[in-house]
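Working notes for the structure below.
The values are calculated or read from the model by the stated rules, or taken from the named source; none is laboratory data. Predicted model, so just to flag it, every value in this text is computed and none were measured. Here the Cβ is made from the backbone with ideal geometry for all residues, glycine too, and neighbour counts use every protein chain on show.
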Amino acid sequence: MIDPNSTKFKKQATNPLLFRLFMLQKLPMALFGRLKVKKLTAEEAIVTIPFSYRTQNPFESVYFAAQAMAAELSTGLLAINTIQASGKKISMLVFDMNAHFSKKARSKITFTCSDGLKIVDAIEKSVATGEGVTVDVNSVGIDEEGDEVSRFTYVWTFKVKSK
């Protein structure tokens, strides 16, 4: 079984300086938006996005695309970490995304994805079969008042790369 609890990537993602360097190299828009990783385990990832001039829209709330970026990162961190733990070369791609917005986002938003074990199962299945596997994962955005402002569902695809 893949154990994503002690990977090099987890150490990098949870160290603010090292993660800023990672974002500079791989995700410059996330660096510009000041996204922060608050937690990364095999089961859960938590990412925050501030309400600032960098992330707001003309209607004085966090722009939907900025929210989508933070929500995707919360799911993608789990995938990257699990892929690294597998020791295999595995491609990952967002196949589909759905979003629901329930309240205007006017403060820092915390996105939590608690579907890490679903990602582990999908990647293990892809490694075992060599086939592409899809998995639906959710990320929920909560504002500083504790209210849900948005909910995203991402469909990730994973496939072991052929040599």
Evaluate segment 49-61: report whether one residue or more is among the charged types (D, E, K, R), over 25 Å from Gly146 (Cβ atoms) and surrounded by fewer than 22 Cβ atoms within 10 Å (Cβ to Cβ).
no
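When only residues in segment 137-151 that are of a type in the set (A, V, I, L, M, F, W, C) and within 24 Å of Tyr53 (Cβ to Cβ) count, which is surrounded by the fewest Cβ atoms within 10 Å (Cβ to Cβ)? Working first, answer last.
Of all residues in segment 137-151, those of a type in the set (A, V, I, L, M, F, W, C) come to 137, 140, 142, 149.
Subset that is within 24 Å of Tyr53 (Cβ to Cβ): 142, 149.
Numbers: Ile142: 20, Val149: 23.
Residue satisfying both the conditions and the ranking: Ile142.
Can you tell me which of Val149, Val155, Val127, Val120 is of a type outside the set (Lys, Arg), closer than 14 Å to Glu72 by Cα and not in a loop (DSSP other than H, G, I, E, B)? Working first, answer last.
Values: Val149 fails: closer than 14 Å to Glu72 by Cα; Val127 fails: closer than 14 Å to Glu72 by Cα; Val120 fails: closer than 14 Å to Glu72 by Cα.
Answer to the selection: Val155.
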Ala128 passes all but one of (1) of a type in the set (Gly, Ala, Ser); (2) touching a Ser or Thr at 6+ places or on another chain (Cβ under 8 Å); (3) over 23 Å from Asn15 (Cα atoms); which number fails?
(2)
Tell me which residues, restricted to segment 94-118, are under 21 Å from Leu40 (Cα atoms) and out of contact with any Phe, Trp or Tyr (no Cβ under 7 Å at 6 or more places or on another chain).
Ile109, Thr110, Phe111, Thr112, Cys113, Ser114, Asp115, Gly116, Leu117, Lys118
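For segment 94-109, give me each residue that is crowded, with 22+ Cβ neighbours inside 10 Å and modelled with pLDDT of 95 or more.
If we filter segment 94-109 for residues that are crowded, with 22+ Cβ neighbours inside 10 Å, which is where we start, we get 105, 109.
Result: Ile109, single match.
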Is there any pair linking a residue in segment 59-84 that is in a strand (DSSP E or B) to one that is of a type outside the set (A, V, I, L, M, F, W, C) and at pLDDT below 95, with Cβ under 8 Å and at least six apart or on different chains, and which?
Val62/Thr55; Val62/Gln56; Val62/Arg106
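Residue under question is Leu31, and the condition is that it be within 21 Å of Thr153 (Cα to Cα) and either assigned to a loop (DSSP other than H, G, I, E, B) or not β-branched (Val, Ile, Thr) (or both); does it hold? Walk me through it before giving the result.
Working: within 21 Å of Thr153 (Cα to Cα): no; either assigned to a loop (DSSP other than H, G, I, E, B) or not β-branched (Val, Ile, Thr) (or both): yes.
No: the conditions fail for Leu31.
Mind checking which residues of segment 110-136 are within 20 Å of Ala99 (Cβ to Cβ) and either touching a His at 6+ places or on another chain (Cβ under 9 Å) or crowded, with 22+ Cβ neighbours inside 10 Å (or both)? Break it down into steps so the answer makes sense when it comes.
Taking segment 110-136 and keeping what is within 20 Å of Ala99 (Cβ to Cβ), we get 110-115, 118-119, 134-136.
Those that are within 20 Å of Ala99 (Cβ to Cβ) and either touching a His at 6+ places or on another chain (Cβ under 9 Å) or crowded, with 22+ Cβ neighbours inside 10 Å (or both): Phe111, Cys113, Asp115, Ile119.
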Can you name every residue in segment 65-94 that is hydrophobic (A, V, I, L, M, F, W, C), in contact with a strand residue (DSSP E or B) (Cβ under 7 Å, 6 or more places away or on another chain) and within 20 Å of Ser150 (Cα to Cα)?
Ala66, Ala68, Ala70, Ala71, Leu73, Leu77, Leu78, Val94
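Just to verify a result, which residue in segment 130-146, among those that are more than 14 Å from the chain's Cα centre (by Cα) and more than 16 Å from Thr82 (Cβ to Cβ), is modelled with the lowest pLDDT?
Narrowing segment 130-146 to residues more than 14 Å from the chain's Cα centre (by Cα): 130-134, 142-146.
Those still in the list that are more than 16 Å from Thr82 (Cβ to Cβ) too: 130-131, 142-146.
On the way: Gly130: 88, Glu131: 91, Ile142: 98, Asp143: 96, Glu144: 95, Glu145: 96, Gly146: 95.
Ranking the candidates gives Gly130 first.
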